[in-house]
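Trainee: Next up is a structure, given as structure tokens.
The values are calculated or read from the model by the stated rules, or taken from the named source; none is laboratory data. Because the structure is a prediction, the values reported are computed rather than measured. Note: ideal-geometry Cβ built from the backbone for every residue, glycine included; neighbour counts use all protein chains shown. When the accessible area is computed, the model is the full protein with side chains, heavy atoms only, and any ligands, DNA or RNA have been set aside. Shrake-Rupley method; radii C 1.70, N 1.55, O 1.52, S 1.80 Å.
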Amino acid sequence: MASTIQSPIALPRRSDSARGSESGIWIALFAITMSFAAFISALFIRQASSDWTHIAAPPILFGSTAVLLISSLMLDISRRQMGTKSATYIKEGNKGLVFLAATLFLGLAFVVGQCLAWRNLAAQGLYLATNPNSSFFYVLTGVHALHVLGGIAALAYLFLQLVVGNSARRNLVNGVVVYWHFMAALWVFLLVVIWERL
Amino acid sequence: MEVPEIESVRWFFTERGEHLDAALKTQAHVHAPAEGFLGKYVFSLDHKVIGKQYYALALVSVFVGMVLSWLMRFHLVWPNAKIPGLEIIAKTGAPGGIITPEYYLSLLTMHGTLMVFFVLTNAPFAGFGNYFLPIQIGAEDMAFPRFNMMSFWTTFVAFLVLITAFFIPDGPPISGWTAYAPLSAVGKDAGPGLGWGQNLWVISIALFCVGQLLGSLNFIATTLDLRAKGMTLMRMPISTWAWFITSAIGLLAFAVLLPACLLLLLDRMAGTSFFIPSGLVVSDRLQNHAGGSPLLWQHLFWFFGHPEVYIAILPAVGIVSHVLTNSLRKPLLSAKVIIYSMMSIGFLSWMVWGHHMFVSGMNPFSSLLFSFPTLTITIPATIITLIWLGSLYGANLQLNSASFFALGFISMFVSGGVSGFFLAQPSIDMYLHATYFVVGHFHMVMGVAAIFAIFSGTYFWFPKMTGRMMNETLGMLHFWITFVGTYCIFMPFHYLGLVGNVRRYSSFVDDFMPALMPLHKFITIAALTTGAAQFIFLFNLVYSRFRGKPASDNPWKGTSLEWSIPSPPPWNNFGGDRPVVYHDPYQYGLKGSTGDFIMQTSPEKILNE
């Protein structure tokens, strides 16, 4: 057994970094990825059935895809327009805010586009329970749209913080940016699945 | 050359320090002490209160679940006996107080659901984890206290929704805790409780998933971001590691169950056909669904369900390792190997879900593929067990309720684990599937083992949580009745299974079964006795909370951070200080200035560390 003597020893490097919201978002992305993996695997098992058919994806999806990708770009520009000070982003001039507002607007436009896509499908007589393909279409786009709405709420919160308080926590801004990019990338992936498989 | 270096070091520290201070000020985990009854005890942001809330919810659930198991055991051996008062709750399920076969299945479903979700997940993981993870890493609170509060209250609503199923005319569902489709998907045609009862079940489990996702996210962020100075990952106690690994499993597992619940709900309420096949006739009615795959539900459910087993058992392994090291008064042979073994169990848990489906009509080659990693899991599990047992050699074992329950856990874990070898092999499982052998297996290795760890943790940490000791005499009495009683209940299950006694039957009418009735009667009497002994524990818990002997800050001479603060801890855990950690968590069996141990916060230097 080791014996001891009284003397302080050198400390290892502190691992604490107070990343806060940013780590939270990254962790949440793992869970979201897993959820969509579950939906997609369900799709792959379900398509083996004889009632699997084909539905024509509404063309408006390509418009909304472009809208979402541009919004992602806008958000990144917005962040670059802001100044940083230790743990916060500061509104420097109104450029950052304008781009943030553009992101918010385009995000809402995307959700409206999805609603139009659902109406397009409904007009063709394709509802949630009509066939497995339409079921998966509504489920995948619906769950994704819900996540985008969550992102829009976060963007609105950031916008208010920057307008009222002139600054926003850096880790929150970074977290929301990561989340928003992820939603855009996820949507492109879902679009490929919808185009190829539904 | 040296001046710029010093400058750069200073710059590094000030820049980093400023960054940290500013970050900490805005960081959510620094919050003011709560005021008022609601803020302190109900909608509290304090991880300790939330931990106790989870524990209390688990305690209520476990007693409800236990009473349900009593009713089942009672019905099995005295099927026509009246249970006075039961007809008030279950008008159609138990007319005149006599349980119908259908109501037996309702009891079975609710027992399983309550125990697996609201007890085995809530107590060792969410309950103890919430209370002790932040303290053991030297943090003031969780990374996201508000999410933490939401996590509990979502779980609480999930509990209420589930319990509501008892009080609706339809009654609770009869599809088992696994809710196999298409039985669970087609609605009320399939039997009592499968209308709104099953809807409530699905909604409850979906809510439960949301609560656990928030909780797991919090655990991971807290462990990664809020460790105290000097608290490297490998200096975290094994219990913290267990909660950390479990939260990673929980984050991914509940993220799969939630979509599965959504799809099931759509099948039930929106007329989709994810799980309901074509041409299905139930109760003489052709179901208006087509093309769905019942196997898909099994895949999704067990892809969550098997990791869920480890969500229940890994925190138990962590708690037992933590308690045992303290009781042995010497380090385990290797804490690191236990941690690595837990990681590999966590990893392997994703590759074995098909072993629940050997007889489902899956390709037999798939069975083989699932069998191999299942058997592989026994390797890390055996390593952990051997480390515990090997560490007993030459130990100065402290005999108390906490250490007895920890040793009892090992006993259950091994006894229940050994029957896993049989079930992991498709050829043997074909015979044993859906018999009492399986029931005996998972009750011992997952159910009772985890419960033993909860007891061990309770006796061990109660002084810290309340500032009072639990009564040791009652604790020992509780241990021996529970330990012997549990073997009396679940060992015979294995023999029943081997002779072909199928599970989920409410009565045994086949020719060979009446001969087994004496054994069933013995099991029922053992279950009633063992269950009754749990009221000793409940009494001890309540009595000690108010009348127990006052506990010191460190009654067990522990080394980890929870023992460096007052009992019970103040609202901000470390009184506003950030503790500094100097050592590995288990410095026992050496000559420190305070005795045979050196605390993690002690700056004493240890040779050969």
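Trainee: Show me, for segment A:145-153, the HN-Hα J-couplings you get by feeding each phi into the Karplus relation (A = 6.51, B = -1.76, C = 1.60, θ = phi - 60°), rounded to Hz, glycine and proline as x.
Mentor: Result, ordered by residue: 4, 4, 5, 5, 4, x, x, 5, 4 Hz.
Trainee: Give the A-B buried accessible area in Å², both sides summed, 1.4 Å probe, nearest 100.
Mentor: Details: alone 11280 and 24870 Å², together 31660 Å².
So the buried area, both faces added, is about 4500 Å².
Trainee: Can you pull the percent of the protein assembly as shown's accessible area that's carbon plus sulfur, 1.4 Å probe, other chains left in place?
Mentor: Values: 21870 of 31660 Å².
So the carbon and sulfur contribution to the accessible surface is 69 percent.
Trainee: If you don't mind, there's one more thing I want to ask. With a 1.4 Å probe and every protein chain left in place, work out the accessible area per residue of the protein assembly as shown in Å², rounded to a whole number.
Mentor: On the way: 31660 Å² over 807 residues.
With the other protein chains kept in place, the protein assembly as shown gives 39 Å² per residue.
Trainee: May I ask you to find the residues of segment A:49-65 that are shielded by at least 40 Å² of accessible area once the whole protein assembly is considered instead of their isolated chain (probe 1.4 Å)?
Mentor: When all protein chains are present, not a single residue of segment A:49-65 gives up 40 Å² or more of accessible surface.
Trainee: Hey, got the average number of other protein chain Cβ atoms within 10 angstrom for residues in A:25-37? Mind dumping the intermediate values first?
Mentor: Details: counts 2, 4, 12, 7, 0, 7, 13, 2, 2, 11, 11, 2, 5.
For this peptide, the per-residue mean of nearby foreign Cβ atoms is 6.
Trainee: Also, I was wondering about something else. What list of ³J(HN,Hα) couplings, whole Hz, do you get for segment B:409-426 from phi and the Karplus terms 6.51, -1.76, 1.60, once you set θ to phi - 60° and write x for glycine and proline?
Mentor: Running phi through 6.51 cos²θ - 1.76 cosθ + 1.60 with θ = phi - 60° gives 4, 4, 4, 5, 4, 6, 4, x, x, 4, 5, x, 4, 5, 5, 6, 9, x Hz.
Trainee: Using the Cα centre of segment A:39-97 as the reference point, and only Cβ charges (+1 on K/R, -1 on D/E), how large is the resulting charge dipole? Debye, rounded to the nearest 20. Could the numbers behind the result be given before it?
Mentor: Numbers: 6 positive and 3 negative charges, 76 e Å.
Computed about the Cα centre, the dipole is about 360 debye.
Trainee: Please state the shape class of the protein assembly as shown: rounded when a/c is under 1.5, otherwise prolate if a/b exceeds b/c and oblate if not, all from the C-alpha gyration tensor.
Mentor: Numbers: a/c = 1.86, a/b = 1.04, b/c = 1.79.
Oblate, because a/c is 1.5 or more while a/b does not exceed b/c.
Trainee: Sum up the charges of everything whose Cβ sits under 14 Å from the Cβ of B:Ala126, counting Lys and Arg as +1 and Asp and Glu as -1, but leave B:Ala126 out. It would help to have the intermediate numbers written out before the result.
Mentor: On the way: positive: B:Lys48, B:Lys52; negative: B:Glu308.
Around B:Ala126, the surrounding residues sum to +1.
Trainee: Using protein chains only (no ligands, no nucleic acids) and a 1.4 Å probe, work out which residues of segment B:258-282 have their accessible area cut by at least 10 Å² relative to the chain alone.
Mentor: B:Pro259, B:Leu262, B:Leu263, B:Leu266, B:Ala270, B:Gly271, B:Thr272, B:Ser273, B:Phe274
Trainee: Compare each residue of segment A:114-150 in its chain alone against the assembly with all protein chains, and report those whose accessible area goes down by 20 Å² or more; 1.4 Å probe, heavy atoms.
Mentor: A:Leu128, A:Ala129, A:Ser135, A:Phe136, A:Val139
Trainee: Keeping all protein chains in place and using 1.4 angstrom, which order do B:Lys591, B:Lys48 fall into by accessible surface area, from largest down? All intermediate terms of the calculation are to be shown ahead of the outcome.
Mentor: On the way: B:Lys591 165, B:Lys48 10 Å².
Listed by decreasing accessible area, they come as B:Lys591, B:Lys48.
Trainee: Sticking with this one: Exceeding 19 Å between C-alpha atoms, which entries from my cross-link table qualify? They are B:Lys330/B:Lys557; B:Lys91/B:Lys521; B:Lys464/B:Lys549; B:Lys52/B:Lys330. Each step should come with its number before you reach the end.
Mentor: On the way: B:Lys330/B:Lys557 12 Å; B:Lys91/B:Lys521 27 Å; B:Lys464/B:Lys549 13 Å; B:Lys52/B:Lys330 30 Å.
Distance filter (> 19 Å) returns B:Lys91/B:Lys521; B:Lys52/B:Lys330.
Trainee: Which ³J(HN,Hα) values in Hz, rounded to whole numbers, follow from the phi angles of segment B:265-273 under the Karplus curve 6.51 cos²θ - 1.76 cosθ + 1.60, where θ = phi - 60° and Gly and Pro get x?
Mentor: 5, 5, 4, 6, 10, 10, x, 6, 10
Trainee: B:Arg468's amide H: which non-local residues (gap 5+, or another chain) put their own amide H closer than 5 Å, with H modeled 1.01 Å from N in plane and none for Pro or chain starts?
Mentor: HN-HN under 5 Å from B:Arg468: B:Ala551.
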